[in-house]
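Written below as structure tokens is the structure these notes are about.
The values are calculated or read from the model by the stated rules, or taken from the named source; none is laboratory data. Because the structure is predicted, anything quoted here is derived from the model rather than measured. As a convention, Cβ positions derive from the backbone with ideal geometry for all residues, glycine included, and neighbour counts pool all protein chains shown.
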Amino acid sequence: MNSTLMVFIDGIGIGEKDFEKNPFFKYNFKFLSEYFGDIPHLGNQVIWKENAVLFPVDPIMGVPNIPLSGTGQTSIFCGINAQQILGQHFGPHPHPDLKPLIEEKNIFKSFLDLGLKTTFVNAYPKPFFDYINSGRRRLSVTSLSALYAGLELRKFEELKNGDALSAEIDNNIWINKFSYDLVQIKPETAVDRLVSISKENHFTLFEYFLTDHLGHGRHKDQFDNWINTLDDFLFDLLKKSDSLEDFTLIICSDHGNFEDISIKMHTINPSLTMVAGKNHKLFFEKIKNLSDIKETILGHYR
């Protein structure tokens, strides 16, 4: 099966080469320094490797001001310039006027309309289902897209059985905040599970949002733990993608934030994007702004 795996990471951009305010330099993330052999910055935004490429993507898209998640994620997952349609950047959740477009154009629905297999890997705890069952829909673009497409969101049972991933990768929050009976897993185990699920689908999505929390200055007590887990996860995932056939990995984001911890807000920096595997050159050539991502992925299935 020709499989595409998207790892969406909220709020990571390409920032300055500054060892104090840019964590990618300060903490020397190995998925950058070891896998790509370099750390991107505003003076060096494209890094090539034999089977992968790292490059910038425009999150502003002709609409001045600081980019926000609601419009940025709608642009990614629906293949539209949501910022321009709305006339502003909006977030963190999608604006009500964008919801009909999300229902019609989201990437899950587009894959299903082509008769292809698609899935959303993230598991959700019981409080989330209690929330949506109450009739409220102030949801992220990803979860809203999955629901609109008729996908069954994964629950505790799938997570415990290894058929899903927690948003924090290792189950730590499920165990310590929600008191679920789970084993904390290693990032390498999470990668194995994610790749296994991906091989059964044409398009698979995993969402990670803790970088945006850290960029906003929240949860400082978890900073080291979360970034080490993420770094190990991305490093192992990129390495594993090198050995997979008919497999493309795209790691992308909606806006900058985490790359500048000297401020507690989003940045106007380009979004950090990485592609490894079969179609990395094609993706680099075609993806210039957030709205290009969906159609580029779908393009090699049509």
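So I197 clears everything in (1) in a strand (DSSP E or B); (2) of a type in the set (A, V, I, L, M, F, W, C); (3) out of contact with any helix residue (DSSP H, G or I) (no Cβ under 7 Å at 6 or more places or on another chain) except one condition, right? Which one?
Going through (1) in a strand (DSSP E or B); (2) of a type in the set (A, V, I, L, M, F, W, C); (3) out of contact with any helix residue (DSSP H, G or I) (no Cβ under 7 Å at 6 or more places or on another chain) one by one, I197 breaks only (1).
Do you know which residues across segment 73-87 are on the phi < 0 side of the Ramachandran plot and outside any helix (DSSP H, G or I)?
The answer is I80, N81.
Of everything in segment 154-175 that's assigned to a loop (DSSP other than H, G, I, E, B) and of a type in the set (A, V, I, L, M, F, W, C), which residue is farthest from the chain's Cα centre (by Cα)?
Ranking the candidates gives A164 first.
Within segment 257-295, which residues are at pLDDT 95 or above and among the β-branched types (V, I, T)?
Those that are at pLDDT 95 or above and among the β-branched types (V, I, T): T267, I268, T273, V275, I287, I293.
Do you know which residues across segment 130-151 are in a loop (DSSP other than H, G, I, E, B) and farther than 19 Å from F8 by Cα?
Hits for segment 130-151 are S134, G135, R136, R137, R138, G150.
Report the residue count in segment 269-291 for those that are in contact (Cβ under 8 Å) with a residue 24 or more places away in the chain and out of contact with any Gly (no Cβ under 7 Å at 6 or more places or on another chain).
14
Out of all the residues in segment 97-129, which are touching a residue at least 40 places away in the same chain (Cβ under 8 Å) and not in a helix (DSSP H, G or I)?
N106, L114, L116, K117, T118, T119, F120, V121, N122, A123, P125
Please list, ordered by residue number, the strands (runs of 3 or more DSSP E) wholly in segment 1-58 having 3 or more residues that are touching a residue at least 40 places away in the same chain (Cβ under 8 Å) and of a type outside the set (A, V, I, L, M).
It comes to 3-9.
Would you say T273 is out of contact with any strand residue (DSSP E or B) (no Cβ under 6 Å at 6 or more places or on another chain), crowded, with 19+ Cβ neighbours inside 10 Å and within 20 Å of G79 (Cβ to Cβ)?
Considered against the rule, which asks whether it is out of contact with any strand residue (DSSP E or B) (no Cβ under 6 Å at 6 or more places or on another chain), crowded, with 19+ Cβ neighbours inside 10 Å and within 20 Å of G79 (Cβ to Cβ), T273 comes out as no.
Given the structure, is G299 surrounded by fewer than 23 Cβ atoms within 10 Å (Cβ to Cβ) and among the small types (G, A, S)?
yes
Can you find even one residue in segment 82-101 that is touching a strand residue (DSSP E or B) at 6+ places or on another chain (Cβ under 7 Å) and among the polar types (S, T, N, Q)?
Taking every residue of segment 82-101 in turn, none turns out to be touching a strand residue (DSSP E or B) at 6+ places or on another chain (Cβ under 7 Å) and among the polar types (S, T, N, Q).
Of the residues in segment 118-133, how many are out of contact with any strand residue (DSSP E or B) (no Cβ under 6 Å at 6 or more places or on another chain) and either of a type in the set (A, V, I, L, M) or surrounded by 14 or more Cβ atoms within 10 Å (Cβ to Cβ) (or both)?
5
Does any residue of segment 23-30 turn out to be farther than 23 Å from K220 by Cα and of a type in the set (S, T, Y)?
No, there is no match, as no residue in segment 23-30 is farther than 23 Å from K220 by Cα and of a type in the set (S, T, Y).
Yes or no, residue by residue, for (1) closer than 28 Å to G79 by Cβ; (2) buried (at least 18 other Cβ atoms within 10 Å of the Cβ); (3) modelled with pLDDT of 95 or more:
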residue	(1), (2), (3)
S145	yes, yes, yes
A149	yes, yes, yes
K155	no, no, yes
N161	no, no, yes
D170	no, yes, yes
K177	no, no, no
L182	no, no, yes
V191	yes, yes, yes
